[in-house]
Every structure is written in C-alpha cells, then in structure tokens.
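Down below is the structure, laid out as structure tokens.
The values are calculated or read from the model by the stated rules, or taken from the named source; none is laboratory data. The structure presented is a predicted model; accordingly, all values stated were derived computationally and were not measured. Glycine gets a Cβ as well: all are built from the backbone with ideal geometry, and neighbour counts include every protein chain shown.
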Amino acid sequence: MLQIIGEYTKNNQMLKNSLLLYFLIAFFPKMFAQNLNLYDFDDKVVSNDTVYFEGNTNDNLLEIGFKITNSGTSAINVKVKKEEISIIDGTENYFCWKECYTPDIFVSPDFLTIEAGATNDRSFKGDYKPNKNNGESEILYTFFNVDDTQDTVSVLVIYDITTPTAITSVKNNSIFISKPYPVPAKEFVSIKFNLDKADGVKLEIFSLQGSKIEEKLIEQRKGEFVLFSGNYDPGIYIYQFSKSGRIIDKGKFIFQ
C-alpha cells in the first residue's frame, strides 16, 4: 500500500513538473518578448543602437525620424521618453509623437496605438537646434508599451555639429570641397572637389585615435573621391585635404 501511494505520489509529481515545464516553454518567452522595433528610413534596424546625425552651426534645425514596428499579435499603445545624456550648452531639442512638445517635456503625454504587424513611420521626429553651437549632444529616445513597461526599444542619437569650413583660397583662387555623402554610409562615401590647382594637394584618412589609414595624392583639379566601406571597419573616420603641410579642409565620415 505504501509502495502504491509512493508510486502515485511520484507519478503525480512528475506530471506536475511536466505541466510546469510546458507552461514555461509555452508562455515564458511571450512574457518577455520585445514587440517594438525601430528602423531608419533605409530600413536598417536601429533597435537599441546608436545613430550619428551630422550637421553644422549654420543649420537652423536638424530633424531625424524613425519607423516604429509592432511585431506582436495585438495592438500596442506606445509613448516616447526623451533622456538627455549629454547636451551642448545653448542648444535646444524637442520631439514629436502625437504632437510636437516643448523642450521641457521628457515623456509624451499622449500615446499612439500601433496595430499588430503595423508600422508607424510618420509620427516620431527628434528635433535639434544647434543655435550656432558646435559639439556632440547625445539624446536617448525610448519607445515603450504603456501596458507593459518591459516591452521597450531605444535608440541613442548623437547630434554631431561642426563649424563649416569656409571656402578657402590657395594663391587667392577659390576652391570647393563638398561634405561627405551619405552620412552615415553603408557602401561608400563620396567627396567632391574643385581646386584651383591639384599640385601637391593630398587627401589623408585617419582613425579617431589619429592613426593614418590612407593617403591619396590628388592628380586632377576637379573630380570626386569615392571611399568604399569594404576597405574600412565600421566606425568614425577623419579626413583632411592639405597642401604643403597646410590643412585646406577637414571633417568626419561614418561607415556602418
């Protein structure tokens, strides 16, 4: 009798363990699933990633947008939170969700509903005003499910503002060097130039740590340099045009 009860108790416990294991396998992933995802307008996933946005001190307003996708099976009410990680003095920033808010609003008062499997690609805008100030400001935007605070996705935007290089002259003749395009880049970066003379002008590429990676001697007065991503690791690079040790123009470009 005791043995029968023991077997029954043992089998009953095994059944309970099996049911518990089934519950964990079936429902645990759903409890912590991330249903919100972020994409840029090139359809690159930027969920929990960093995005660089370059501008210069002549820009009145820089505006960045993202696509927010609900990969879940039910509608989600989404709000946005702004966190200023590092801000250059004298600049302004705000964001738009259901409407555009003032700079002192850090959590959107309103939510927007994103249906299951749908994408909202129009509502969010991150706005940044340099107000003639250069430097990098870092702002973290977090999109969260109002009804499930575990379901969130963020993107860190670094607004990188530089002072534009004035059109310089070499022997009193104007030159033009374009800003790198596109920024950030996936496959290549293009820099166009129009010089008075090509003699002795060179393009140098450096890592952020200052190590020279590449040097090209310019052999024609007018043209375009194309730098391909296959020759570089993902990251930020510094370029400069110089002649006889004098820097004519410099800036940064990014390979993703």
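What to note about this one:
- One residue stands out in the stretch 99-123 among those that are among the hydroxyl-bearing types (Ser, Thr, Tyr) and assigned to a loop (DSSP other than H, G, I, E, B): the one that is farthest from residue 143 (Cα to Cα), namely 102.
- Residue within the stretch 57-79 that is touching a Ser or Thr at 6+ places or on another chain (Cβ under 7 Å), modelled with pLDDT under 90 and not hydrophobic (A, V, I, L, M, F, W, C) present: yes
- Residues within the stretch 229-246 that are under 25 Å from the mean Cα position of the chain (by Cα) and either outside the structural domain of residue 186 (by TED's automatic domain parsing) or loosely packed, with under 14 Cβ neighbours inside 10 Å (or both), tallied: 5
- Positions within the stretch 189-215 being loosely packed, with under 14 Cβ neighbours inside 10 Å and of a type in the set (Lys, Arg), in sequence order: 197, 212
- Flag not set for residue 207, criterion: in contact with a strand residue (DSSP E or B) (Cβ under 7 Å, 6 or more places away or on another chain), of a type in the set (S, T, N, Q), at pLDDT 85 or above and under 13 Å from residue 185 (Cβ atoms).
- Residue check, residue 216 under 29 Å from the mean Cα position of the chain (by Cα) and not hydrophobic (A, V, I, L, M, F, W, C): no
- Residue among 226, 189, 170, 201 that alone is over 31 Å from the mean Cα position of the chain (by Cα) and at pLDDT 80 or above: 201
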